[in-house]
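Visitor: Mind having a look at this structure? Questions to follow.
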């Protein structure tokens, strides 16, 4: 199974689902605004903007032309209830698409509410999110899967009994400076958790490749960072939908019959706050014969 990076997958999934619902042969689907944005506790916000691909039965747009759907020169602002901050757009090749809106004028704080506003030509969209507390993580460690070649990363955490909580795991290659991508099937809620201790397998994110099929495990040759986040309910619903689409569709161009339930008013996608615990691994340092799991 081959998977797409997050935002490109978003506008492909959205476009296909639009084309599959009550479609007429002569109907033309106009591009829609697609947003992926997040703000972590004690970190700067990141927002990425594209338009959806208007897929029809005669669709033949090559993947390498999808960069034309990237939106630059938009006005992107965040209001924290006291101040409004206008984000700066810049090229950044560590993201896909390689253009983000961000600022260094403020960092996210647990418990605060952040309203995102995006304006670009005829597009106007808003979304609201909060940053929950950081999850109660006991350990993040490496588990061998196949000898000295492949391994899994496991998050062990506690779920408070007197709260309703939602969690999402993200991964990225390298230690810093790379885009956080959603761990495959890495979204969980109270419905399936124990009060005392829980384990979540952090799978690799899905990436486009012409030659390799997706496998969930990491290679010991990888350097990997893991972000385990508590998110709010609206963000959970979005990422749970995203997991369902990528899991059950198998191919992101087929079998999608419903839009993702995002929290963007005036567009598609999600603006989400994260209370996060992160850990980085040079996985070769945790080979099975060395007998010391990363905790």
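Visitor: Just order 85-98, 227-240, 107-120, 126-139 by mean Cβ neighbour count inside 10 Å, highest at the front, would you?
Guide: Numbers: 85-98: 15.0, 227-240: 22.5, 107-120: 17.1, 126-139: 18.8.
Going by the mean number of other Cβ atoms within 10 Å, highest first, we get 227-240, 126-139, 107-120, 85-98.
Visitor: Could you sort 263-274, 143-154 so that the peptide with the highest average Cβ count within 10 Å comes first and the rest follow in order?
Guide: Ranking, from highest mean packing down: 263-274, 143-154.
Visitor: Let me know the shape class of the stretch 60-155, please: from the alpha-carbon gyration tensor, a ≥ b ≥ c as square roots of the eigenvalues, rounded when a/c is under 1.5, otherwise prolate if a/b is greater than b/c, or oblate.
Guide: Oblate.
Visitor: Give the calculated FRET efficiency between residue 82 and residue 178 to the nearest 0.05, with a Förster radius of 35 Å applied to their Cβ-Cβ distance.
Guide: 0.65
Visitor: Same structure again: Measuring from label point to label point, each 7 Å out along Cα→Cβ, what is the residue 287 to residue 163 span in nm?
Guide: 4.1
Visitor: Moving to a separate point now. Using the Cα gyration tensor of the stretch 118-176, with a ≥ b ≥ c the square roots of its eigenvalues, what is the shape: rounded (a/c below 1.5), prolate (a/b larger than b/c) or oblate (neither)?
Guide: Oblate, since a/c reaches 1.5 and b/c is not below a/b.
Visitor: Let me ask you something else. Is the stretch 99-250 rounded, prolate or oblate when judged by the Cα gyration tensor, a ≥ b ≥ c being the square roots of its eigenvalues, rounded requiring a/c under 1.5 and prolate requiring a/b larger than b/c? Mind showing how you got there, number by number?
Guide: Details: a/c = 1.71, a/b = 1.24, b/c = 1.38.
In terms of gyration-tensor shape, oblate.
Read-outs: derived from the displayed coordinates by stated rules, not from any lab. Being a predicted model, the structure only gives us computed values, none of them experimental. Ideal geometry is used to build each Cβ from the backbone, glycine not excepted, and the neighbour counts take in all protein chains shown.
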